[in-house]
Amino acid sequence: MLTRCVVHARRGVSAYGTFGRRRDGSKLLQQHANKSAVGSGTARTRTLSHAHAPKNTADVSSGVFLGSGALNAGARVEVNAQTLVLGIETSCDDTAAAVVRGDGVVLGEAIASQAAIHGPWGGVVPNLARAAHEEAIDAVVAAALAEAGTTAEALSAVAVTCGPGLSMCLRVGVRKAQKMSAQYCLPIVPVHHVEAHALVARLCAGTEAVTFPFLALLVSGGHNMLITARGVGDYTILGSTLDDALGEAYDKTARLLGLPVGGGGGPALEKLALEGDPTKYKFPVPLRQRKNCDFSYAGLKTAARMAIDADIGGGDGDDVEWDGVDKRQTRADIAASFQAKAVKHLEERLKRAIVWAREDTPDLSCIVVAGGVAANATVRSTLVKIAEDANLPLVFPPPKWCTDNGVMVAWSGCERLALGLAESAVDADLERKHETMDPRDIHCNLLPRWPIGEKDGRATRDNIKSAKTARIADPLRGADGDRNISGSSVRAAGIE
């Protein structure tokens, strides 16, 4: 399995790197203080503990409980080329799974897209997403194992996204992971969705290239976030989405313009914008008066809607159906003007985030960019220029690993397993009891609102889109609250 990872390096260094499967796995292994092996089924069974069953209520202050308590009392685990971790992702609208080796080799992956299901609705419909996950999950996991040429019995652990995301979707993945954990006596690793997006760059570019600390920018359909990553579980949120994310704004504006949005409206809007004048419409750059790193695209989206209603028609603002000819230049000008201001907002926020991050962590190693919007050529070229000016390497994971996928979950599982941030296998007797129950009655610890870290003091304190604080979990944490502990925990040379 060959995959390219783009690395735009600092001035004076090769600007484009390709990374590949391990030529000599033994050089990539990192020895740990705790020598308990996880690679073989026999060794794994000896070290597992079934001290207690999963708690009935989430106690996030002392960790996430999906299994039977901390694995080996939280001791570090040797993770190497013999370690096989299955990752399961069902946080939103794609069912994904992958098997990754502890040295970063991707052995197999599979994904079932729901784009055709949600496309006609103009957005993700949670109950339809859940049903699609339930229908696809077994086949997707089986396909990932088959492509990896392995079996569930040979796995060292199963990692699963338990937040943030849609609760009814997260439940499908978590329950699948718990069943496998109980059946095959596998440690289970709870994974934070946003952290997985950030850490996958360490797999594709290599842990020697993407060392802690680094600055991460997530730009997707549901998230805009700037974070300083100091170690696994140790993050500071410099800025986040206050209302609409960039991908969401792209999709809605594309629909208003009558563009095809199957699989996302961003590519269609970007293509049409090439024909337009980006200065034709004087749309505002969002949050110009707020000198922080937060994002807001609701106002820009509204400005584009008003221009469409005024110059194209639609009256009530409903989505229009375009024949590809009618008022093409006007549509192109609106698309280009919208994109210019959207990217300018992203540019201003990232520049300020670099300054903020360097004030606290002057030794930043690079900027990592993840999320489907990063595939936009205009966004990409803008980010490259910013990184060059800051003299920082810019790392883009391959496009298929920028959107939700199983590889990022499996690799995050490897990193957390190495640090002792895993849980013992789900109690088999408890799981057999669950099989006799109505699935709706089975308690499942999910963290749909799970901050990746504390907010920087200069960031907006309350989320404008949803100011409720109830049911928000405690922020993600690492091992014993230590900083920079994961820089030497696990090694990967990168993907070619």
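The values are calculated or read from the model by the stated rules, or taken from the named source; none is laboratory data. Every value quoted in this text rests on a predicted model; they were computed, and no experiment measured them. Here the Cβ is made from the backbone with ideal geometry for all residues, glycine too, and neighbour counts use every protein chain on show. Areas reflect the complete protein model, heavy atoms only, side chains present, ligands, DNA and RNA absent. Shrake-Rupley method; radii C 1.70, N 1.55, O 1.52, S 1.80 Å.
The table for this structure:
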quantity	calculated
Heavy atoms of Met306 accessible to a 1.4 Å probe, total area in Å² rounded to 10	130
Span from the the range 151-208 Cα centroid across to the the range 333-366 one, whole angstrom	31
Cβ charges +1 (Lys, Arg) and -1 (Asp, Glu), total dipole of the range 219-392, debye	480
Largest to smallest accessible area among Thr279, Thr150, Thr436 [probe 1.4 Å]	Thr436, Thr279, Thr150
Pairs beyond 20 Å (Cα-Cα), from Lys301/Lys385; Lys351/Lys400; Lys179/Lys433; Lys291/Lys455	Lys301/Lys385; Lys351/Lys400
Label-to-label distance, nm, for residues given as Glu388 and Asn127 (7 Å Cα→Cβ offset)	5.2
Table column - 3J(HN,Hα) (Hz), the range 376-381, Karplus curve with 6.51, -1.76, 1.60, x for Gly and Pro	5, 5, 5, 4, 4, 5
Leading residue at positive end of dipole, the range 118-264 (Cβ point charges), from Asn224, Pro190, Ala254	Pro190
Under the Debye formula (equal points on every Cα, no solvent term), log10 I(q)/I(0) of the range 219-392 at q = 0.10, 0.12, 0.18, 0.19 Å⁻¹	-0.39, -0.55, -1.10, -1.20
Inter-probe distance in nm under a simple model that places probes 7 Å from Cα toward Cβ, at Met437 and Ile472	3.0
Normalised contact order of the range 219-392, rounded percent, pairs of Cα under 8 Å and 6 or more residues apart	28
Cys92, Cys444, reordered so the largest accessible area comes first (probe 1.4 Å)	Cys92, Cys444
DSSP beta bridge pairing in the range 130-258, given as percent antiparallel to the nearest 5	70
Vicinal HN-Hα couplings computed from phi for the range 429-435 (Karplus, 6.51 cos²θ - 1.76 cosθ + 1.60; Hz; Gly/Pro x)	5, 4, 5, 5, 5, 4, 5
